Structure formats: C-alpha cells, structure tokens
Amino acid sequence: MPYNHKKIEAKWQKYWKQKKLFTAKDSVNGKKNYYHLTMFLYPSGNAHIGHWYNFAGADVFARFKMMEGYNVMSPTGFDAFGLPAENAAIQHGVPPEKWTLSNIKTMTKQLESMGNIYDWSRVIITCLPEYYKWNQWIFLQMYKKGLAYRKKVAANWCPSCKTVLANEQAEGGKCNRCGSSVEQKEVTQWLLKITAYADRLLEDLETLDWPERTKSMQKNWIGRSEGAELEFPIEDSELKITVFTTRADTLSGVTYLVLAPEHPLLKILDARIRNKNSVRDYIEGSKHKTELDRMTNVKEKTGVELQGIKVINPFNKKIIPVWMSDYVLGGYGTGAVMAVPAHDDRDFEFAKKFELPIIQVISENGKTNKLETAYLEDGVMVNSGELDNLPNNIAKDRIIESIGAKKKVNYKFRDWLISRQRYWGAPIPMIYCKECGTVPVPERDLPVVLPKIKDYLPDGLGRSPLAKSEKFLKVRCPECGAMAERETDTMDTFVDSSWYYLRYVDPKNKKVFADSNKIKDWLPVKMYVGGPEHAVMHLLYARFFTKFLYDEGYLDFKEPFLSLRHQGMIIGPDGQKMSKSRGNVIDPDALVEKFGADSMRVYLCFMAEYSQGGTWDPTGILGAYRFLNRVCDLFSKLDLGKKIKTENGFNSKEHKDLNRILHKTIKKVGEDIVDFKFNTAISSLMILLNETEKRRGLLNKNMADIFLKIIVPFAPHLAEELWQKIGNKKSVHLESWPEFNKHLIEDEEIELLIQVNGKLRDKVMIHRGASQGETEKLVLARERVKEFVGTGKPKKIIFVQDRLINIVL
RNA sequence: GCCCAGGUGGCGAAACUGGCAGACGUACACGCUUCAGGUGCGUGCGACCGCAAGGUCAUGCGGGUUCAACUCCCGCCCUGGGCACCA
C-alpha cells in the first residue's frame, strides 16, 4: 500500500471530529482531568513554521497524557487585539476587526490541518466583547482594591505624529512612522500595582516545575535588593538628597552624588545652579534618548556637574560635589545614587572620565593599593576612621545605625503600565465627571464596547483614536447623571493574556468569567507550553492576576501554571529570524500538501531538541517522510495469517531480541516524551523500525499493536489508519500507553570497556554483574591488554561495574 | 550595558550521575534495482598517517581538577532570546 497521506489525513480528521474524540468533557468517570495548554497565538495572517513547531511538540505531549489515561483538555484560541491590526487599518484602510477575524478564519483552517487534539468548542477570541467584558470586570475589582491607579509617566512621544510610541516604534530615537526625533513626555496613564505582589511572586517561584532559567529571569526582573536609604544634606539648605544603596559599607568612599536628569530636585535647585545652561541642555538632550538607548550606550558616560550645589556625607561630614548623568534612571530607587568609584564599575569609569577622586575603603589585606579597576569583593575597611580593619559586611550595619538611616527593600521592576493610546484594545471602563471625578463604570454596564470608527489615526492631543468618536466619548456620569467623558485609553494586550487560561474552562459563561465548579474541575493548568520570549512579562503578569483573583476568593490556587516548558525558535534557512520583511518565512501549507501533517510533525519533533529550536532545513523533512513510508510499507506487508495469530511466546533468539528492542523503545519513547525530548524519541522509533525490517516475519499482532501505539503521538493519522487496517475496530486514541516489561529489557551480556592509562584499548563481552576480581582476571589475560601493560605492575585499577575497567600504570 | 541560553563531522543533531565522542537522520560517493526518478535496497563517510592491523589528533579559545572531561572549576571570544507600548 503506497502511503497516501492526503487521503489518510482527511479521513481520520473527519472521523475524530464526528466521534468528538477530542472534545473535553468536564468530567469522565475514573479519569483524572489534565489541563494541557499551549500559549494562544496572535492572528497575524498565516500560521508559520514556528507555530507548527510549537504546537506539534505540545500535541505529542498532550496525546501521550491522553493515552496515559487522563481526561485531557487541550484548548486553543486567539490573542486578537494588538498593534498590527491597527497598522493594517491605517495603511490599507481595512477595519481592524475585519482584518483580525479574517486572519482567524485562515489560521483556524491551517491549525485544523495539523490534526491536533484541540477542543474546538472552547476557542477564545479576545477581541470579542463577550471576552473582554471580563478584562474590564477584573480591572474594576483591582480598582476597588486600590491596585489600579493613575499616574504621570514619561513616554516616548512623537511631536509630529502627536502620539505615544512603543520602544519598538522609537528605535534609535526616531519615530518609525515619520522619522522625527522622539521626545520623552509626561502622560497620565493607568497602572496596575504588580509591585504589591513582588515578594509573593518571588517566593512562590520555588513551588513551580518551571525551567530554572525562566525562574531566574523572573527573579532578576523583580530584582529585589535589600539596602538602605541614606540622606545627604545639601550645604546651606534645608534640603536633602536621598539615595538608595545596597553598599552602605562604602559610604566613606563616596566622592560625589549623581542625579538622574528627571530628578524632581533639579527644578527646585535651579536657582542655585551656576552652570544653568549646560545643565538645562543636558536635561533637554536626555529627553531625546529612549530608556533603552540610555541603558545600551553606557560605555561612553556623559554627565554634567551641578556647580554651586554641594552635599555633606552623613558619615564623615565631607563636602562632596553633585553631578547629573543619564546612566542614573529616574524610575529606579530614588533617582539618585551615591558614587563610590573605588567599588563600583560604573562609578569608576565615570570618575576616570571626569577626573573625580577615587577613595578605596575596602581592601583585601587592610592596605590601600592603586586600583586599576573597581574592587568589588568583600574585605576589611580602610580609610573609614574607627571602622578600619572591620570586615565590610559588619561595617555596613554599623554605618546604617550610626547615621540613623532606614533599611529598605527595593525592587527593580515597576508597576505595570496598561494604558494604550490605541484603538484596537479593550476600553478601560472609567468615566471622568467634572463633579464626581473619576468614576468606574458600574459592573451592570459592562462590557464597554469598542465602537466601530473610520479613522484610526491618533487624535492629535495624544489620546487614542476613540476620542474622536463623540458617541463613545460622551456619556452620563453614573453617579450624578451629568454629561461626562469616558476614558479613551485601551488596555495593553498583555491584560487579555493574563487570564485567558481561566476562560477556557467555561468559555461561554455570561454571568461570571468562569463557573467555580469548572474552575475546580480543571485548574490550575498542569502543563503550559510556549516560547521563552514570554519568560518574564506574560508569565509574571498571569501569575499576578491569579494571585489577585485568589485573594478575592475566586480561585483556590495561587499559581496558574504548575509546569512550564519552552519551545525553541525556528530560524530561517538563511540563518536569520523568520520575518515577512526578510522574506524567509516558510509556508507550512505547501509542505503539508506535499508530505502531510504527520511528516511535518515527525520532522519538527526530530530536527532538534524541543527547547532548542534550530535552522529550518527545507530538505530535512524527506527523512521523516521516508520513515513514515517505511512504516506504512512494513504494516502493509505484514503477514496477519494464522501463524502470527496463534503464536505465543518466542520461538527464537531473534524473536526475543526483537521483543527486547520493542520494550526498550516503549520505555525510551515514554520517558523522552515526558522530558520533551521528542527528537530522541523519534530516533529510537527509527531504530525500532530498522531492527524490525531486518526481522520482518517476526512481528506478531501483539507486537504490531504496541508498535503503532507508541507512534500515535507523533504520526496520529498514519497510526490510526494502520491500526484499523490490521484489524482493530476502535480508535487507537482510546488505547492506553503500553507498559514495558522490566525484566525483558535487560541485556544479559554487557560490553565492558577496557582502558589503559585512561585510553580505550579493548572491549570484551561479559555477563551482567561480574565482580571486579573476576573482571580483572579476564581482562589482564587478554593479549591486547598485555601488549599495553607489558610486564609492569599496574599502579591502580579503576573498576566501574558493567561499564569499564581502567588500568593505570 | 544588564539578565538568560547556546557553541560537537559537509549539514540537523546524540552522549545516563564525569566513563566508547558523533547514535538517529540528512547530504555526498560507489554498487544493485528501475523505462524513468526528490524511488527502493546495500556499502562507505570527523581529520591526519598507514596496504592493513592499528596509531595520533579532535566537542568555540586558553588554563585547571581527575585514573578518566562535550560534561566540573577559572578566564576569554562568538551567536541567539529578553529588557517593560510587538505579542
């Protein structure tokens, strides 16, 4: 039988659909629920090979769980709000909704062609009011608790387009629409107080089965540091400059302070600054740098001294100068740092460049030495008066105590800015009334529906295009009834994806975001699969939402995703990241047409370790296609006559060997799938096929069944076809994962490696469990070993049972 | 700059807990099969020396620990991901 993948795949996809094999029922007798989730996708237009790679591996795992006996739910959906739809609207005049929904239609078709076990009855589309109503509802709950608030924040601003820009749109300080210089402008924005959850987000990481690298990125992102706030009085003034430092021990080594250009004291001090013009120029200049530019180009440090301003070191009362530089960020700590060039790299460079004094206060040996670079290690105090010779970490607390500073915990991460001056997002449900101030939209009035508009360009005042819709903007105040205005900002799309996993358990509910019983049935998510690019933001935001809803009593768990795995990225054949602009995007449809979904799945699983990803090799799929062809061929020519049916037990060594290989493969494939090592699972299936082909006649019905069952997760269509072809009536997906026989897989004889002086010189077959004495005797008697050992006595013999012996001369 | 990964044959890769480096697959070469081939089957395939047996070298670079290092430690180089308004 030739391998007709097109016919086979269409046939079984239809069959699975008809039998509703993958529609997840809320509960099934005798089965535990298993919620398996793959990050939903952005409807950009076409599914690309990266989606396939991601979803194929995830589906292998989900199918395996199903065969392990779980009631698996594996939903999918679309993260449908976002900038590209709006850009398409501006450039091509297509309404974002139309663009998005039509992309969803195309991509749904493409996804269906994969044959994954998605439950299509639970699809979520975040741009529909029935979904984003609950965004707004959660926002209101946060507002009630004081976790949603408004604040003035610096944003990238294009003075010509009159709009706020994303960092991506402001690369190199130029607006990517019109090329004008981007400025930093203060804008009032909505934020969510994620920092209130900092410690819990940090602590609960310990409870999760997540990649260590992801946990560590989250830890670093949160950036908890324990330190102290120290006050430096300004000379001849009542004012003080407060700095945050984790290195209070280095206080006597402070030779200047540095303020961020946006530090509020600068305005107040302006009158006293002698070099006003250079200071103002510097501040003006820094407004044209994006935050990323400021962080990236720190090699060439810039700065200007605030002449006329001096501060007093609270510890040794020394008078020191104050500088301003953009390597200090306004948003972190207090926006001011104490500079200790002797013990901080950045301060060291800055001091060298501007010829500021460098005073060493910690040293390895109690002596001062000429420093070539900053000394960052611990040591004992020097140049610090009565503290000299104390270990620096003890001195730290003494200093904090003696100047009466308060200890403080600082976090690097900031509250989450969710305001977007864009059209294509969920409206923030707030109303501004002249009389009553900021009034939340009453819950009964939700959703605040995004109006259909015609002009998607910003309104020229920096507001979202929604401000142009009078019908949307003007509204009666829910409290006093007077005419008021709606908030025109929409929400960051990360809000949509911060709770979508909750909605899948009850996607059509109109009364609550999800029924509490269904939440109990399914949640939290057992396995979550998605890209490492989400290691920080999405995953942190989702954890924050879960913790908030837990606190509010809606959930009985504190973490949304118990296990997490990342897929790697597929790079284009030219070694570049795939993107439309580079023109190196691979169209999966053509490959599916030619080789079939199963070949695609097998190849994508085989090409690299799942978490690693790799370069797309257009010819690589041939290997997978050949493999499936050979499987197809093997089973078509299988002799299902009397001989095989009546055979029980094994009638030859060959037969026993084949069975051992089969059982080893069951073990290996199962373990590899659990570890997301799909590449080596496929490789062991290929070995099994090679070995079986050598012993064609020996595959009986029982062995053939097992063979097909362990291929199911990778090539489900072909496995189903062959399964029913060899006489099975029900779907192979209803079968359970075969068990391997522990005793059967142990080889009786072991190949022992013989090394002389650590170099491999010989090998010998020996029975399992042979003792050291027995082995030595056997090995030392071998001609080849004698050649190397000669007449000398071995100095030492290293013996690792069942593995190797190393004779050291 | 900061945080996180990774670097192994022509190519994709594998290697358990420190124990045969290169499984499996591709490409290539040769042979058989075929009217034909992006067919099927077989053999070979890290580099160097050698007719061979075998030997030496080899996992980004430089050092170290060890009987033994792709694996552990120290220093460096390169590539990729993230850095808060792309999702």
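Considering (1) closer than 22 Å to A:GLU693 by Cα; (2) among the small types (Gly, Ala, Ser); (3) assigned to a helix (DSSP H, G or I), say which one A:GLY727 fails and leave the rest.
Failed condition: (3).
Give me the pairs, please: first residue somewhere in the stretch A:357-385 and at pLDDT below 85, second residue anywhere and among the aromatic types (Phe, Trp, Tyr) and surrounded by 19 or more Cβ atoms within 10 Å (Cβ to Cβ), beta-carbon distance under 6 Å, and either six or more positions apart or on two chains.
Listed by first residue and then by second, the contacts come to A:ALA374/A:PHE348.
Tell me which helices (runs of 4 or more DSSP H) are completely within the stretch A:465-564 and hold 2 or more residues being within 16 Å of RNA strand B (Cβ to nearest atom) and either under 16 Å from the mean Cα position of the chain (by Cα) or not small (Gly, Ala, Ser) (or both), or say none if there are none.
Details: elements: A:470-473, A:493-496, A:500-503, A:516-522, A:537-551.
Hits in the stretch A:465-564: A:493-496, A:500-503, A:537-551.
Can you name every residue in the stretch A:251-289 that is of a type in the set (S, T, N, Q) and surrounded by fewer than 19 Cβ atoms within 10 Å (Cβ to Cβ)?
Looking only at the stretch A:251-289, we keep the residues that are of a type in the set (S, T, N, Q), and these are A:252, A:255, A:275, A:277-278, A:286.
Of everything in the stretch A:251-289, those that are of a type in the set (S, T, N, Q) and surrounded by fewer than 19 Cβ atoms within 10 Å (Cβ to Cβ) turn out to be A:ASN275, A:ASN277, A:SER278.
Anything in the stretch A:449-478 that is at pLDDT 90 or above and farther than 21 Å from A:VAL94 by Cβ? List them, or say none.
A:ALA467, A:GLU470, A:LYS471, A:LEU473, A:LYS474, A:VAL475, A:ARG476, A:CYS477, A:PRO478
For residues that are under 25 Å from A:GLY614 (Cβ atoms) and out of contact with any Ser or Thr (no Cβ under 7 Å at 6 or more places or on another chain), tally how many sit in the stretch A:540-564.
1
How do the pairs read when you match residues in the stretch A:71-85 that are closer than 30 Å to A:GLY30 by Cβ with residues anywhere that are near RNA strand B (Cβ under 9 Å from one of its atoms), using Cβ under 7 Å and keeping only pairs 6 or more apart or on different chains?
Pairs found: A:THR76/A:PHE40; A:GLY77/A:PHE40.
Just to be sure I understand, how many residues within the stretch A:595-619 are near RNA strand B (Cβ under 7 Å from one of its atoms) and either free of Cβ contacts under 8 Å to residues at least 24 places away in the same chain or more than 22 Å from the chain's Cα centre (by Cα) (or both)?
Total meeting the criteria: 3.
Could you count how many residues in the stretch A:140-180 are part of a helix (DSSP H, G or I) and at pLDDT below 95?
Applying the first criterion (part of a helix (DSSP H, G or I)) to the stretch A:140-180 yields A:140-144, A:167-173.
Keeping just the survivors that are at pLDDT below 95 gives A:167-173.
Counting residues in the stretch A:140-180 that are part of a helix (DSSP H, G or I) and at pLDDT below 95 gives 7.
So A:LEU356 ticks every box in (1) assigned to a loop (DSSP other than H, G, I, E, B); (2) open to solvent by less than 50 Å² (accessible area, probe 1.4 Å); (3) at positive phi but one. Which box is left unticked?
In the conditions (1) assigned to a loop (DSSP other than H, G, I, E, B); (2) open to solvent by less than 50 Å² (accessible area, probe 1.4 Å); (3) at positive phi, A:LEU356 misses (3) alone.
Within 24 Å of A:LYS109 (Cβ to Cβ), part of a loop (DSSP other than H, G, I, E, B) and without any contact (Cβ under 8 Å) to a residue 24 or more places away in the chain: does that describe A:LYS7? Spell out how you get there, then give the answer.
Numbers: within 24 Å of A:LYS109 (Cβ to Cβ): yes; part of a loop (DSSP other than H, G, I, E, B): no; without any contact (Cβ under 8 Å) to a residue 24 or more places away in the chain: yes.
Criteria not met by A:LYS7.
Go through (1) in a helix (DSSP H, G or I); (2) within 11 Å of RNA strand B (Cβ to nearest atom); (3) of a type outside the set (Lys, Arg); (4) closer than 28 Å to A:GLU671 by Cβ and name the single condition A:PHE788 misses.
For A:PHE788, the failing item is (4).
Would you mind stating whether A:ASN690 is modelled with pLDDT of 90 or more and within 30 Å of A:ALA624 (Cα to Cα)? Please lay out each step first, then the result.
Details: modelled with pLDDT of 90 or more: yes; within 30 Å of A:ALA624 (Cα to Cα): yes.
So A:ASN690 fits the description; yes.
Can you say whether A:ILE766 is open to solvent by 10 Å² or more (accessible area, probe 1.4 Å), within 29 Å of A:LYS656 (Cβ to Cβ) and among the β-branched types (Val, Ile, Thr), as far as the supplied structure shows? I'd like the intermediate steps shown before the answer.
Values: open to solvent by 10 Å² or more (accessible area, probe 1.4 Å): yes; within 29 Å of A:LYS656 (Cβ to Cβ): yes; among the β-branched types (Val, Ile, Thr): yes.
Answer is yes for this residue.
Here's the yes/no breakdown for (1) surrounded by fewer than 19 Cβ atoms within 10 Å (Cβ to Cβ); (2) among the small types (Gly, Ala, Ser):
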position: A:SER683; (1), (2): yes, yes
position: A:ILE687; (1), (2): yes, no
position: A:GLU693; (1), (2): yes, no
position: A:ILE710; (1), (2): no, no
position: A:PRO713; (1), (2): no, no
position: A:GLN724; (1), (2): yes, no
position: A:LYS730; (1), (2): yes, no
position: A:GLU739; (1), (2): yes, no
position: A:GLU746; (1), (2): yes, no
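Are any residues in the stretch A:86-134 among the hydroxyl-bearing types (Ser, Thr, Tyr), open to solvent by 10 Å² or more (accessible area, probe 1.4 Å) and closer than 30 Å to A:PRO429 by Cα, and if so, which ones? It would help to see each step written out before you state the result.
First pass over the stretch A:86-134, keeping only residues among the hydroxyl-bearing types (Ser, Thr, Tyr): A:100, A:102, A:106, A:108, A:113, A:118, A:121, A:126, A:131-132.
Filter again for open to solvent by 10 Å² or more (accessible area, probe 1.4 Å), leaving A:102, A:106, A:108, A:113, A:118, A:121.
Correct list: A:SER102, A:SER121.
Taking the condition of being open to solvent by 10 Å² or more (accessible area, probe 1.4 Å) and either closer than 24 Å to A:LYS677 by Cα or in contact (Cβ under 8 Å) with a residue 24 or more places away in the chain (or both), how many residues in the stretch A:26-44 meet it?
Qualifying residue count, the stretch A:26-44: 11.
Starting from the stretch A:405-423, take each residue that is away from RNA strand B (no atom under 11 Å from the Cβ) and list its partners that are of a type in the set (Phe, Trp, Tyr), counting only C-beta distances under 9 angstrom and pairs at least six apart or across chains.
So the pair list comes out as A:LYS408/A:PHE244; A:ASN410/A:PHE244; A:ASN410/A:TYR332; A:TYR423/A:TYR456.
Can you tell which of A:ILE798, A:ILE805 is open to solvent by 50 Å² or more (accessible area, probe 1.4 Å), aliphatic (A, V, I, L, M) and either in a helix (DSSP H, G or I) or modelled with pLDDT of 85 or more (or both)?
It is A:ILE798.
Residues of the stretch A:63-85 being surrounded by 20 or more Cβ atoms within 10 Å (Cβ to Cβ) and within 13 Å of RNA strand B (Cβ to nearest atom), which ones? Reasoning before the result, please.
First pass over the stretch A:63-85, keeping only residues surrounded by 20 or more Cβ atoms within 10 Å (Cβ to Cβ): A:63-67, A:71-82, A:85.
Correct list: A:GLY77, A:PHE78, A:ASP79, A:ALA80, A:PHE81, A:GLY82, A:ALA85.
So how many residues does the stretch A:670-686 have that are within 10 Å of RNA strand B (Cβ to nearest atom), under 15 Å from A:LYS65 (Cβ atoms) and not in a helix (DSSP H, G or I)?
1
Would you tally the residues in the stretch A:461-507 being closer than 30 Å to A:ALA24 by Cβ, among the β-branched types (Val, Ile, Thr) and open to solvent by less than 10 Å² (accessible area, probe 1.4 Å)?
Residues flagged as closer than 30 Å to A:ALA24 by Cβ, among the β-branched types (Val, Ile, Thr) and open to solvent by less than 10 Å² (accessible area, probe 1.4 Å) within the stretch A:461-507 amount to 2.
Give the stretch A:162-180 a look and list any residue that's over 18 Å from A:ARG422 (Cα atoms) and surrounded by 13 or more Cβ atoms within 10 Å (Cβ to Cβ), or say none. First the steps, then the outcome.
At the first step, the residues of the stretch A:162-180 found to be over 18 Å from A:ARG422 (Cα atoms) are A:171-174, A:179-180.
A:GLU171, A:GLY173, A:LYS174, A:SER180, listed by residue number.
Checking A:ASP762 against (1) on the phi > 0 side of the Ramachandran plot; (2) within 11 Å of RNA strand B (Cβ to nearest atom); (3) of a type outside the set (Val, Ile, Thr), only one condition comes out false. Which one?
(1)
Of everything in the stretch A:687-722, what is of a type in the set (Gly, Ala, Ser) and part of a loop (DSSP other than H, G, I, E, B)? Give them in sequence order.
Across the stretch A:687-722, the qualifying residue is only A:ALA715.
The values are calculated or read from the model by the stated rules, or taken from the named source; none is laboratory data. All values derive from a computational prediction rather than experimental measurement. All Cβ positions, glycine included, derive from the backbone under ideal geometry; neighbour counts span all protein chains shown. Quick note on the areas: whole protein, heavy atoms, side chains included, nothing else; ligands and nucleic acids left out. Shrake-Rupley method; radii C 1.70, N 1.55, O 1.52, S 1.80 Å.
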